[in-house]
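The values are calculated or read from the model by the stated rules, or taken from the named source; none is laboratory data. Just so you know, these numbers come straight off a predicted model, no measurement behind them. Quick reminder, even Gly has a Cβ in these numbers, built from the backbone with ideal geometry, and neighbours come from all protein chains shown.
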Amino acid sequence: MFSFLKGSKSKSPQAVSLAAIESDWHCHILPGIDDGSQNEEQSLEMLHYYVQMGIKKIVATPHVRADFYKNTHETITAACQKVQKLIQSHNLPLVLEASAEYYADENFFELITHGQLLPIENQYILFELPMQNASLWGVKLAEMLQKKGYTPLLAHPERYRYWHNKPKEWSLWKNNGVCFQLNLLSLTGFYGAAERRAAEQLLEADYIDAVGTDAHGLRHLQKLSELTQNPLFENIQQLPLLNRLG
Ligand SMILES: [Fe+2]
C-alpha cells in the first residue's frame, strides 16, 4: 500500500489508468508559484498519484500572466528543482520537465519578442485565452510563435464558451496550424455540461492533438477516476496524441 495513503479515513475511488496517455503536458504541480500546489507536501501528493495513474512524464505548466502570476524562467526553474528533488528522494519513476501556461497578454507578447519562452519538448508553447471574451490578440500571438519556429498549443479550447456552437471558430485556428489540448476533466463534466459537450464535439471532429489534466491539486487528479464513465475516454486512448512518449 502506498504509505502516503495510510491514515486517510475517506476511501477514494481507484485511480484511473492514464498509462496509454503516458505524459501530462498540463498541470500546476510546482509549489507556491500559482494557484496550483501551494507547498511541497501537496506536490508530493500529486506525484504519488501520478505514479498510481501510470503517468511516466509530467510537464509542469504554471501560469504566466502579467496580472496575477508573473512567473519567469527563474521562478519556474527554482520551483521545478524542488519537485525534482522530491522525485529523487522518494525514488519515483517520473520524468519532470519545466514549461508554462502562457496567458495571451502583453507579457506573453514581450516574452515571445525577446525569446524568453519555455517550450514543451523544445517545440510546443502552451497558451490560454481569456475565458469571458474572444481575443484578437490570440491570433496575432499564435502567428508570432509560428514565425519563431514554435508550434502554438491552445489549452482547453472546449472551455471558451464564446466558441460553443460555433465550430467555424475552432476550424479557423486548426487551419492556421494551432494545435489543441483538451482538459481530460472536461469529459467528466467538471467544468459544466456545456464544456463536456464541447469536448466531445472537438473529439468527434478529430481536432484534439494532445490532452492534459490541468490539475491544480490532488482533488483534480482524483476526479479523473470518473473518466471511465465517458465512452469517449476509450477513443482518446487510441489517438496519436502529441503527449505520448515518442
Ligand atoms: Fe492550466
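Selection of the stretch 194-210 for residues being surrounded by fewer than 18 Cβ atoms within 10 Å (Cβ to Cβ) and farther than 18 Å from Leu239 by Cβ yields Ala194, Arg197. In this structure, does Ala60 turn out to be buried (at least 19 other Cβ atoms within 10 Å of the Cβ), closer than 23 Å to Asn183 by Cα, small (Gly, Ala, Ser) and within 16 Å of the ligand (Cβ to nearest atom)? Answer is yes for this residue. The set of residues in the stretch 40-49 being within 16 Å of the ligand (Cβ to nearest atom) and either farther than 25 Å from Val211 by Cβ or within 17 Å of the chain's Cα centre (by Cα) (or both) consists of Ser43, Met46.
If you take the residues in the stretch 150-193 that are closer than 15 Å to Asn230 by Cα and among the small types (Gly, Ala, Ser), which one is surrounded by the fewest Cβ atoms within 10 Å (Cβ to Cβ)? Out of the qualifying residues, it is Ala193.
Based on this model, can you work out whether Tyr102 counts as within 16 Å of the ligand (Cβ to nearest atom), under 15 Å from the mean Cα position of the chain (by Cα) and hydroxyl-bearing (Ser, Thr, Tyr)? When the stated conditions are applied, Tyr102 passes them.
Within the stretch 73-115, the residues that satisfy the criterion of being without any contact (Cβ under 8 Å) to a residue 12 or more places away in the chain and closer than 30 Å to Asn133 by Cβ are Glu110, His114.
For (1) closer than 17 Å to Leu154 by Cα; (2) modelled with pLDDT under 95; (3) among the small types (Gly, Ala, Ser); (4) surrounded by 20 or more Cβ atoms within 10 Å (Cβ to Cβ), each residue gets a yes or a no:
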residue: Gln88; (1), (2), (3), (4): no, no, no, no
residue: Ser99; (1), (2), (3), (4): yes, no, yes, yes
residue: His114; (1), (2), (3), (4): no, no, no, no
residue: Ile120; (1), (2), (3), (4): yes, no, no, yes
residue: Met131; (1), (2), (3), (4): yes, yes, no, no
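Hey, among the residues in the stretch 33-58 that are assigned to a loop (DSSP other than H, G, I, E, B) and touching a helix residue (DSSP H, G or I) at 6+ places or on another chain (Cβ under 7 Å), which one's nearest to Leu245 (Cα to Cα)? Lay out the reasoning, then the answer.
So the first thing to find is which residues in the stretch 33-58 are assigned to a loop (DSSP other than H, G, I, E, B), and the list is 33-39, 54-56.
From the residues that got through so far, the ones that are touching a helix residue (DSSP H, G or I) at 6+ places or on another chain (Cβ under 7 Å) too are 33, 37.
Details: Ile33: 27, Ser37: 25 Å.
Selected residue: Ser37.
Checked against (1) in a helix (DSSP H, G or I); (2) within 16 Å of the ligand (Cβ to nearest atom); (3) of a type in the set (D, E, K, R), Asp67 passes all but condition (1).
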